[in-house]
1. Name the one entry in B:54, B:31 that is surrounded by fewer than 18 Cβ atoms within 10 Å (Cβ to Cβ), more than 17 Å from residue B:103 (Cβ to Cβ), outside the structural domain of residue B:311 (by TED's automatic domain parsing) and more than 10 Å from DNA strand D (Cβ to nearest atom).
2. Of the numbered conditions (1) modelled with pLDDT under 90; (2) more than 9 Å from DNA strand C (Cβ to nearest atom); (3) surrounded by 16 or more Cβ atoms within 10 Å (Cβ to Cβ), residue A:11 satisfies every one except a single condition; which is it?
3. Identify, from the list B:108, B:128, B:122, the residue that is within 8 Å of another protein chain (Cβ to nearest Cβ), in contact with a helix residue (DSSP H, G or I) (Cβ under 9 Å, 6 or more places away or on another chain) and modelled with pLDDT of 85 or more.
4. Out of the range A:280-296, which residues are facing another protein chain (nearest Cβ under 10 Å) and modelled with pLDDT of 95 or more?
5. Give me the residue from the range A:77-105 that is in a helix (DSSP H, G or I) and at the interface with chain B (Cβ under 7 Å from one of its Cβ atoms) and, out of that set, farthest from residue A:47 (Cα to Cα).
6. Take residue B:45 and decide whether it is farther than 30 Å from residue A:111 by Cα, more than 36 Å from the chain's Cα centre (by Cα) and away from DNA strand D (no atom under 13 Å from the Cβ).
7. Output yes when any residue across the range A:146-156 is away from DNA strand D (no atom under 16 Å from the Cβ), modelled with pLDDT of 90 or more, away from every other protein chain (no Cβ under 11 Å) and buried (at least 23 other Cβ atoms within 10 Å of the Cβ), and no when none is.
8. Report yes if some residue within the range A:62-79 is crowded, with 22+ Cβ neighbours inside 10 Å and within 13 Å of DNA strand D (Cβ to nearest atom); otherwise report no.
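The values are calculated or read from the model by the stated rules, or taken from the named source; none is laboratory data. Remember, predicted model here, so these are calculated numbers, not experimental data. Virtual Cβ from ideal backbone geometry, glycine too; neighbours counted across all protein chains shown.
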DNA sequence: GCGTGTCACTGACGCGCGTCACTAGCCCGC
DNA sequence: GCGGGCTAGTGACGCGCGTCAGTGACACGC
């Protein structure tokens, strides 16, 4: 629709200088608040006014070229299945990076083994966050191009052992701790049938295992639960047929939990009496169901801060305010009627 | 600020030139496939090999500066409430722009009236897509900086009348057509209680209205449905108390639809017998509920192509392959058990 | 022999900016 | 009068690249 008419020749710092009656250098000093350069208030104002009147906006490309450093951080979001709180996670990252003076942008990968070169080639970020496994040679090429690469991956095969795992372990732990605290002794784990989420699922399950072990219980009985009421019903039957029977399950996420609930319904059973269920994500519809789903919600802001810490560290800034020791719990449980 | 110890000194085109024993210009010509410049195969190979061996990656900033044109498109995603298929929409845009040789990136706004200057200042995209209303002076400043701005907005107050509305009108129309085709004569519309989605909701409702009018029916009876079973129940009661009673409702999205269903349940009623319900979005849990929700799904790829067409047009490329006339239906209905 | 044309390649400029090194002007102490 | 220190400001360089306007070498026609 609305065309931009022929590029009206960019307003440059030189135009500002001419209008303010000073040199371009002075303009640069004023606009960048040069620390050890005394600029009298009068000149300062003239420059500032001229810049405002002309609508001057410095060229990012030129600045990046001159300083050899852009303040752009690029997140590469893998081809994950739809996630309810993707938007919220991105917002959390944007906010967290903004406090460091960095601009965060997201790229959504469209294929698992995508070639990232055209991407960082046209963006030239200061740092890139890889949220999933990427071939090491790609990482090397980026590093060679002067880009700080942070592998904030959940899959433990990644080059950097996943520091992010802790978050999902906490999630699993929160699920299990809750179920144990209300009296369950034999837990099941509802694994997702989507292979792509294994990076999340593994640490969550590890968290459940850890909680069970901590309370001297047997490890959870893991079954894959398809998004299909009939086949989910089969799984429910197997859990209940154990000796002793499984009385509660932690689901990979709300969607998987709803599949379990659908299976229960099909068998004429109900949560929590016949099987307690707890999900993850707090999908908005989970509260509206009957029975309403107990679930665990991430603290995405805390997670974002962690990621920002990693990136700032990788950018070689000193005084990163301590890499970890978040005091807030990264996950908290919302109890509703399925437990 | 202290200097950081120069990272390994970027590999530049000059390094490649030295290694290949040619001039930097030749390197540039080879790597950019200069059309009207004959380069013998031998030289070509030497340059290509040298580039590969050195792991050369051109500087995006320098190229942008030199050409005055980056191939980056920036999408500004407003502070919308969580959307199930945000990730899918972003992927669709990424794919669609890739076919035009453009790189698409998303920025998630964190506040409604955010100042976008730092954003495009550090990114310097060729074009920016605004998915929501943005103050005109901000748009003007971007245009002055040589950035093509496309307002792909759903809210009709935007400076450019939203061509995107058509998509959501189709969605509403698909909902209503389905309900009418199965015999309903008096429709209700379940409006969302979230003010931020009004841009989507309005055209969807318009589509429902249009379908009703086309069939000689009375316009839909609109009520806001809160995400709360008790208050949703009140709304259900009012619909059913009309004369003649409303027998089917189109909901703004699946979430709102689930609220209606929750209200029905609370009153001891059920869909579709007492009130038929159709949502929008195909939230994955909608299929797992009892009753499973009839819903309408967008064709996000088609929508993405539309957006790309707008952007390409704004970039002044000729031969944009026709602005519209998509033959595929942008929305299709998935019938399940609530209708 | 000279003009014309092609091939293979290169020198140099400019994109807009940050920044170093430097100067012109002034006041001060001696 | 002169060196020294300060203020206010500027000239020029380089970041890495695309690209125009050449240049030298050679073949050809007449």
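1. Going through B:54, B:31 in turn, the sole match is B:54.
2. (2)
3. Result of the check over B:108, B:128, B:122: B:108.
4. A:292, A:293
5. A:86
6. So residue B:45 fits the description; yes.
7. no
8. The answer is yes; a qualifying residue exists.
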